[in-house]
Amino acid sequence: MPEFVQRHRVRASARRAAACVRGEAGDTMIEVVIAILIVGLVGAATFTGFTAITKFSGQQRHEVQANQIAQQDEERLRGLTSTELSATAGTTGSTGSTYGNVTYPVTLDGETYTVSSTTRFVAASGGATSCTSGGTSTADYVETASEVQWPNNNDGRPPVIEHSVISPPAGGSLIVEAELNNTTTGIPGVAVTATGPGSSSNTQTLTTDANGCAVFGGLNPGSYSISESDSGYATENGVTTQSAIVVNGTTQEITFQLGQLGTAVASFQTFINSLTPTAINWDSFSISNPQVTPSSQTFGTGGAADTSTVSSTAATVFPTSYNAYAGTCSTDDPEGSTGTTGTTSYIDPVLTVANGATGSVVVTVPTMLLKLSTQQGSTAAQGVTAAAGTPLPYTVTTYDSCTPTPGVNNTPSTPPNSLTVGSSTVYPVQAPYGPSVQVCFANTIAGTTKDTGILPSSGAISNTNLNGTTITPVTLPVGTGATGASAVFLNPGGCPA
């Protein structure tokens, strides 16, 4: 074989060997890279696994600690008296030491847990809750529940809840229910106190729960006085205390029907020689209902400035219906009178106050049409004439003889204007209803007020016409030589204060 051919073959073999070496080197690099990636993935997976295990361990620790706290709370509940088991803490955050129904925090290993304790008395038969409106039940056992929660929504887990059943000490039980009047709807938050037996200092106080119920268990037998108290509620008859006899092994039920106090508001109208009402200002009104204690109430103050509406103090009126009338005593009530606003027998307007609400009513103040005359000495009386709309030249004040005499007075903020009825000049003056109205005219001359005293000088005017159509004559004795606005009145004495 020629030499040059031999050299060519040697070179070709060398090139193939070099190429092979280069290929094997590339494969080696790829294998190294893959190995590094595998190690990284394994490391990451291992780290993630450790993290997940750590997280799971922390969540499990929270649940274990929550179980521990719930069991401790159940132990706490078992150490309470029957009354303490029924008690509800006034605010969240109490330590819970003497309350069966309370929410409070517990800190353990730097984590804050929230404990919610609840209790309920149940009947041995059927396990129904002892507080059953409208039914008869017994308070035989106490079911307890201790619920514990922790931050981060309990790590996505349900809260831990421990239950237990406690047998109260031997004795009797009292179930006290506070209900909205005329319903079986329970009222929460009413303070209920049981006093007895024997010593008046032996008292236990509970607050009604969400169902309006409070249970006193494990009571010594004997006589008890049960009272309720809530500033926003009242009983219809004013009775806030009931009696109960407790017997061993039995349950006595007491119910308080309470009304949520509301507000009464009145506006006023009158009739002036017509059947069409005219809105006016006045100073007072009263309401009455013989079934309610107190049976009558008055709002506003006689003699105060007249206003378009008068209101009771907020949340002071028992929720029911009342007769309403203007004035401050029962003699001002026109109920049943005749000669009225188009009917033969007047019926008071009704004011209805719903639970916790405001009731409104419009009441009528009767108008007297005063026909004035002046008389000098023994001469004949001279009628006062004036064009329609002319203001009365004197100050006029009406008096209602409610006790104490002379009772309530009312002086209009502006003098009444004259009105022509037939051939007479009259002045419409509002006054409380009844046969006990007196009038005082006052005249001020050069800064000095001359008073007639009360007119009539004896007796009273009957202001009983609710249509405002009856003319009432009044004669003013005046000094000789003086007429009209300059007349000096001669009746002795001043107008009552």
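The values are calculated or read from the model by the stated rules, or taken from the named source; none is laboratory data. The model shown is predicted, which means the values in this text are computed figures rather than measured ones. Methodologically, a virtual Cβ is constructed for each residue, glycine included, from the backbone with ideal geometry; neighbour enumeration extends over all protein chains shown. Each accessible area value is taken on the protein alone, full model and side chains, heavy atoms only, with ligands, DNA and RNA left out. Shrake-Rupley method; radii C 1.70, N 1.55, O 1.52, S 1.80 Å.
Things to note:
- Full extension of the chain between ASN182 and SER57 yields a length gain of 39.3 nm, computed as 0.36 nm times the residue separation minus the alpha carbon distance.
- Extended-chain gain in nm, criterion 0.36 nm per residue less alpha-carbon gap, SER458 and VAL350: 35.3 nm
- Alpha carbon Rg of the stretch 352-423, scaled by the compact-globule rule 2.2 N^0.38 Å: 1.66
- The peptide list 362-375, 416-429, 379-392, put in order of mean Cβ contacts within 10 Å with the highest first, becomes 362-375, 416-429, 379-392.
- FRET efficiency estimate (nearest 0.05) - Cβ-Cβ, ALA279 to ALA124, R0 60 angstrom: 0.35
- Taken along the Cα-to-beta-carbon direction at a fixed 7 Å, the label points for THR338 and GLN68 span 9.1 nm.
- Relative contact order computed over the stretch 279-374 (Cα-Cα under 8 Å; 6+ residues apart), in percent: 24
- The Rg/Rh ratio of the stretch 230-316, with Rg taken over Cα atoms and Rh as the Kirkwood radius over Cα pairs, comes to 1.23.
- The orientation-averaged projected area of the convex hull spanned by the Cα atoms of the stretch 149-246 comes to 9.7 nm².
- Amide H to amide H, with H built 1.01 Å from N, LEU370 comes under 5 Å of TYR427, VAL429, THR472, counting only residues 5 or more places away or on other chains.
- Amide H contacts of THR358: THR263, each under 5 Å away and 5 or more positions distant or on a separate chain (H built 1.01 Å from N in the peptide plane; Pro and chain starts excluded).
- Per residue, the accessible area of the stretch 115-217 comes to 43 Å² when a 1.4 Å probe rolls over the protein heavy atoms.
- Summarising the amide proton neighbourhood of TYR394: residues at separation of 5 or more, or on other chains, whose placed amide H is nearer than 5 Å comprise an empty set.
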